[in-house]
Amino acid sequence: MSSIFEPELTTVPQPTPEIGRIAMELFLSLSLIRNRKMTKKQLVLERELIVRQSCLVEKKLCKKM
């Protein structure tokens, strides 16, 4: 969708299937541990920067970010 705008927008696509899978796993695990103490957890998923025309920095520099 972001490639149809002028200038084309630089984006970071979201891994929605993976986010959904992880959310369901966490939800199901909650039902198994109702009476136990839960611990805080942070998940970091792979990401990708798609550099398009809206990036003000030269593409070479922007890809390093």
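At-a-glance table
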item	result
Criterion violated by residue 13 - all others in (1) surrounded by 10 or more Cβ atoms within 10 Å (Cβ to Cβ); (2) modelled with pLDDT under 75; (3) not basic (Lys, Arg) satisfied	(2)
Subset of region 39-65 that is surrounded by 10 or more Cβ atoms within 10 Å (Cβ to Cβ) and not in a helix (DSSP H, G or I) - its residue that is modelled with the lowest pLDDT	57
Qualifying positions in region 7-31 - free of Cβ contacts under 8 Å to residues at least 12 places away in the same chain and in a loop (DSSP other than H, G, I, E, B)	14
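The values are calculated or read from the model by the stated rules, or taken from the named source; none is laboratory data. Everything numeric here is computed off the predicted structure, so don't read it as measured data. Heads up, the Cβs are rebuilt from the backbone with ideal geometry, glycines too, and the neighbour counts pull from every protein chain shown.
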